[in-house]
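Below is one structure, written out as C-alpha cells; the observations come after it.
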Protein chains: 2
Amino acid sequence: MKRNLINETPNLIGQTVKLSGWVNVRRDHGKIIFIDLRDRTGIIQMVVIPDKLEAYSAAKEIRSEYVIEVEGLVKERPGNQSKDDNLTGRVELEVDKINVISSVEEDLPFDVSKSDLNLPIQTILDNRNLSLRNKKVNDIFKLYSQIIYSYAQVMREHGFLEIKSPKILSAATEGGANFFKIKYFKREAVLAQSPQFYKQAGVGAFERVFEIGPVFRAEPHFTTRHVNEYISLDAEMGFIDNFGDIMNQLEVVMKRIISDVKKNHSSTLAEYGSEFLIPDKFPKIKLTEALEVLKKEYGKEMLGIDIDPEGERLISDWARKTYNSDFVFLTHYPTSVRPFYAMPSADPQYTESFDLIFKGVEIATGGQRIHNYEQLLTSIKKRGMDSKEFESYLEMFKLGMPAHGGWGLGSERIAQKILGLNSVKEAILFPRDVKRLTP
Amino acid sequence: MKRNLINETPNLIGQTVKLSGWVNVRRDHGKIIFIDLRDRTGIIQMVVIPDKLEAYSAAKEIRSEYVIEVEGLVKERPGNQSKDDNLTGRVELEVDKINVISSVEEDLPFDVSKSDLNLPIQTILDNRNLSLRNKKVNDIFKLYSQIIYSYAQVMREHGFLEIKSPKILSAATEGGANFFKIKYFKREAVLAQSPQFYKQAGVGAFERVFEIGPVFRAEPHFTTRHVNEYISLDAEMGFIDNFGDIMNQLEVVMKRIISDVKKNHSSTLAEYGSEFLIPDKFPKIKLTEALEVLKKEYGKEMLGIDIDPEGERLISDWARKTYNSDFVFLTHYPTSVRPFYAMPSADPQYTESFDLIFKGVEIATGGQRIHNYEQLLTSIKKRGMDSKEFESYLEMFKLGMPAHGGWGLGSERIAQKILGLNSVKEAILFPRDVKRLTP
C-alpha cells in the first residue's frame, strides 16, 4: 500500500489509506484512544477503538514522537467536533492497523505539540532536533526556504548568473581582522568573510552575478543579531549608471521576497502576527541627515558620523511614521567606515554606499565599487595598506572593468524580522556563536 | 540614453541605441575600423568610419578588452557579410560616439576572442579573470548555474525543503581523517566534509530536505576529478520503503538536469559536442556483479570488493554498450567501505547503498541509513569507534526517526561530464587544490 500524505486526506473520505508520521499527541480516553499524527504536510486526528485489537494494544504503548505507520478509513469528522481552522480538521482516521517504526528512548524534555513552546532560546537550541518538530518553530524554516528560493528566482529573472565562490582563501583580504584561520595542508589559509572579490571578478566575466552561500566572521559578538556563520545573499552588477541602480535592484528583491512569503506562507505570517508596511518606493536618506533626525526627534547624539544598532532602530521607527515604510535606505556612509574599494562620492569624505534597514535592523550593506585600477591603488596606499597583499584582486582591474556595485544581504535576518523573532539564531537551523558549536 | 543589450539589437534595426561591453576584437582596415563588442548576451560587429571624427580617433586607441560605451545606428548587415549562425550576425552598429570606461593596463597573455583557447589548464586557471571572458569557457558557468537551479526546482517540486547547515563543526565526525582544522576562538573546530548528520536531523524535522553548499576535503589528491572544496548537492528523504526509492528520486533529478540543459543550453552542448544516452530506466547492477563483468569483459581484476576509477570508466563503457545508458547505478557496496551509519543488507556483509556513475565518473554516493538507535550504537561499537564522539548525532535517534536515506552529488562533476571537460577544475570558477589557493 502506497503512503498518502495527511494533506491529501480531505480528498480521500471513505477510502482506506496508509499514513506515516510522528505521534504529535496521544489521548487515552479508556475506551477510545485518540492520536494526532503529524507528517510534513499537516496533522490529523486518528481514532483507535478496542474492536481493533492489535491496533488498540499498540496504541496503548505508543508515546509522543513515536514514528508510526497506520492504515485506516478516512471519515468526515462529526459536525460538532470538526475544526475548520485547518483543512485536515474536517476529517479523521479510523485506525485498522498500527506499525511502530521507531520508539522514543527517553522522556522528552518538553511537549512539542504545544502551539507555542515558550522556552528560553538556550533550551530551544540545546534541544534543536526536538524543538524543530514544533509546528511554529518548524514553520520558520519553511519560510526561510522560500526566502532563498525567491532570491534565486528574482535575481535570475533580472539577468544575474548564480555563481559559487571559494570559501577557503589564501590570505586575509579586506583588512585582515576577524578571519577564522585554517591549516590548509602545509600552509595557513582563512575562511571567507564575504565573496566580495570573487563576485567582482564575476562582473568582469558575467556582468551580473549573485551568490547564496555561507560567510564566516570571527567576531566575538554576543547579540541577538550576530552569529559567526551565516548565509549571505550576495549580488554584484556591472554597467550601472550610479549606485541608485543597486538600491533599486535590491528594492525589487525585497518586494519580491515579501510578496512570495505573503502568497505562500500566509498562515505562518498569521501565526507570528507579522504585518508589513511596504511603500511604493523605499525611502532613502543620507546618513548625515539620519543623524540629525536622531538628534532632533529622539535626543540621541552619535559620536562621529556613524550609527549604532539603537540608532538604526530609532531611524526605522521614524521611517515607519514618516514614510509608512518598514524599509529605509541610509546612504553616503563616510569613507572612514567603508572598505578601501568603496567608490567615493563627489565629496570624497563620503562614499556611494548604503545600508538597508528593515524593521529596525540592518539587513544589507552595499554600494558602488572603484573600477579604475589607478584609483584603487591610490585608495589602498592612502589607507597605509600594502598593495602587494591585494595583487591577485588588483589584477582584474588591469583587464578592463565596468562601473559596478552590489550588496551583501543577511538571509537569516530577513526571516528574523519578517517573523519578529527575538534572535536571529531562531532563524538558523544549527547556529554557531562564540560558545555554540553543537548540535 | 538607456543601455540596450546586444541580443536586443536584431529587433532595433533603424534605431539609434546605446550599447556597452568589452572589445572582443578590433580590426583596423585603415579607412574603416571594425570592433566586435561583447556583452553578457552576445557579440555585435560595429563599424567606425573617419567621418565620425571623435569616435574614429577613439577607435584608433582602443584595444582588446577595453570597456566601452557606444552610441550608434543599428543596421541590417549587407547580404554577403551576414552570418546567420548567430542572431546578432544579421545586424551591425554604425558608431556615432565611443566612450572609454576602462582601458587595459598591460599586454594580454592570450586572445580571449578565439573560439577555443586551447591552453593548458594551468594557464587558464592562473589567468582566470581573463579566461572567463572567452565565450566557450564562459558558457561552462552558464550551464553550471542551470544545473544548480534545476536541482533546486526539481527537489522542491518533490516536497524537499531547502536547508542550510553549518560548515564549522565542533569535532571530526564520520571518521576523523581528512578534515581541515580551524581555530575557532579558544577552541579547535573542523570544516564540514558533508552535511550528513545535519540533513539526517532535517529528516527528523521536515522528512525531506536538500542542501546546495560547499564541502571541504583535506585529501591530498592530484587528479582530474578531485578538488578540496566543491559544491555538493545533498538530499535526505524519510519514510522510504527501501533504498530503491532514493535511487529513483536521484534518477528523476538527473533526467531533469539533462532535460533542462538540453532545452536552455543547446548551443553550449553543440559547442562542446555533448551527446547523451538516457534510457527509460537507469540500469542498476550489484557491485559484485560489476566486478565480474570487469573480469570477464575487460580482464580487470580488483583486490577485494571495491572499484577504482578505471573500473568505473570500464563499467560505464559496458553500460553504454549493454543498456544504451550514460548512467549506471552500482549497488550493495560492502560494509567495510561504507560509513558506520550505512544500513546493512539482508546479508550484513553488504549495505543498502549505491554509487551513480555518469560517463565514467562517480558523481553521487548514497544509500539508506540506520534509523534505529540501538542498531546504530552497535554499529559504532563494532567498528571500535567511541560512541561518545557521536553523542550529539546519536541524540536524534532517541527521538523517533523514520526509515531514511539520501545522497551527496557532486555539482561540478555533472558539468564536467556533461561537457566532456578534461578536469573538474574547468567547471569551477576558482578551484582549490593542494597547490592552488588563488586567485
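Since every read-out is calculated from the coordinates, none of them should be taken as a lab result. Remember, predicted model here, so these are calculated numbers, not experimental data. Cβ sites come from the backbone with ideal geometry, for glycine too, and all protein chains shown count toward neighbours.
Label-to-label distance, A:D347 versus B:V337, with points set 7 angstrom from Cα along the beta-carbon direction: 6.9 nm.
Taking 0.36 nm per residue of sequence separation and removing the Cα-Cα distance, the B:I32/B:E289 pair yields an extension gain of 85.7 nm. Listed by Cβ neighbour count within 10 Å, with the fewest neighbours leading, B:M237, B:M1 appear as B:M1, B:M237.
Compute the acute angle (0 to 90°) between the alpha-carbon long axis of helix A:244-264 and the principal axis of greatest extent of the alpha-carbon atoms of chain A; round to the nearest 10°. Once rounded, one gets 0 degrees. The ranking of B:V104, A:V337 from fewest to most other beta carbons within 10 Å of each one's beta carbon is A:V337, B:V104.
Hey, what did region A:135-427 get for relative contact order, percent, Cα under 8 Å, at least 6 apart?
RCO, region A:135-427: 21 percent.
Spin-label model, B:E297 to B:K382: label points 7 Å out along the Cα-to-beta-carbon direction sit 3.2 nm apart.
Farthest toward the positive end of the dipole of the protein assembly as shown, out of B:N24, A:N127, A:S102, is the Cα of A:N127, where the dipole comes from beta carbon charges about the Cα centre. Using Cβ point charges alone (K and R +1, D and E -1), the dipole size of region B:200-328 about the Cα centre works out to roughly 360 debye.
With Cα atoms defining each centre, region A:94-123 and region B:105-132 are spaced 59 Å apart in the structure.
The mean of 1/r over all pairs of different alpha-carbon atoms in region A:10-168, once inverted, gives a Kirkwood hydrodynamic radius of 18.0 Å. What the Cβ-Cβ distance of B:F222 and A:D280 gives, at R0 = 41 Å and to the nearest 0.05, is a FRET efficiency of 0.10.
Give me the angle, in degrees from 0 to 90, between the Cα long axis of helix A:373-382 and the longest principal axis of the Cα atoms of chain A, rounded to the nearest 10. So the inclination is approximately 90 degrees. The trypsin sites (Lys or Arg not before Pro) of region B:90-124 that DSSP puts in a loop, and whose beta carbon has at most 14 other beta carbons within 10 Å, are B:K114.
Select from A:L117, A:S267, B:G304 the residue farthest towards the positive end of the dipole of the protein assembly as shown; place +1 on Cβ of Lys and Arg, -1 on Cβ of Asp and Glu, and compute about the Cα centre. Toward the positive end, the furthest listed residue is B:G304. Think of each Lys and Arg Cβ as +1 and each Asp and Glu Cβ as -1; about the Cα centre, that makes the dipole of region B:362-439 roughly 200 debye.
Scanning chain B for the Cβ atom closest to the axis that brings B onto A yields residue and whole-Å distance B:I182, 3. When A:E61, A:E412 are arranged by Cβ crowding within 10 Å, least crowded first, meaning fewest neighbours, the order is A:E61, A:E412.
For chain A, a crude dipole built from +1 on the beta carbon of Lys and Arg and -1 on the beta carbon of Asp and Glu, taken about the Cα centre, is about 420 debye to the nearest 20.
Treating r as the C-beta distance of A:D96 and B:N242 and R0 as 22 Å, the FRET efficiency rounds to 0.40.
Summed over qualifying helices (DSSP H, 4 residues or more, each -39500 (n - 2.57)) and divided by its residue number, the protein assembly as shown shows a 222 nm mean residue ellipticity of -9000 deg cm²/dmol. May I ask for log10 I(q)/I(0) of the protein assembly as shown at q = 0.04, 0.05 Å⁻¹, from a Debye sum over the Cα atoms as equal point scatterers with solvent left out? Debye intensities relative to I(0), on a log10 scale: -0.20, -0.31. With q set to 0.12, 0.14 Å⁻¹, the log10 of I(q)/I(0) for region B:149-255, from the Debye formula over equal scatterers at the Cα positions, is -0.48, -0.64.
What separates the A:Q375 label point from its copies, with the point 7 Å along Cα to Cβ, is 6.4 nm, written shortest first.
Sites listed here are trypsin sites (Lys or Arg not before Pro) in region A:361-423 whose DSSP assignment is loop and whose Cβ has at most 14 other Cβ atoms within 10 Å: A:R383.
The simple Förster model, with R0 at 51 Å and r as the Cβ-Cβ distance, assigns A:E374 and B:K255 a FRET efficiency of 0.50. Each copy carries B:E310; placing its label point 7 Å along the C-beta direction from Cα gives inter-copy distances of 7.2 nm, listed from smallest up.
Spatially, region B:312-350 and region B:1-75 are offset by 55 Å when compared through their Cα centroids.
Expressed as a fraction of 2.2 N^0.38 Å, the value expected for a compact globular protein of N residues, the C-alpha radius of gyration of chain A is 1.20. Distance from the Cα centroid of region A:407-424 to that of region B:365-383 is 37 Å (rounded to whole angstrom). Placing a label point 7 Å from the Cα of B:K435 along the Cα-to-Cβ direction, the distances to the matching points in the other copies come to 4.7 nm, shortest first. Normalised by residue count, region B:3-102 yields a Cα convex hull volume of 90 Å³ per residue.
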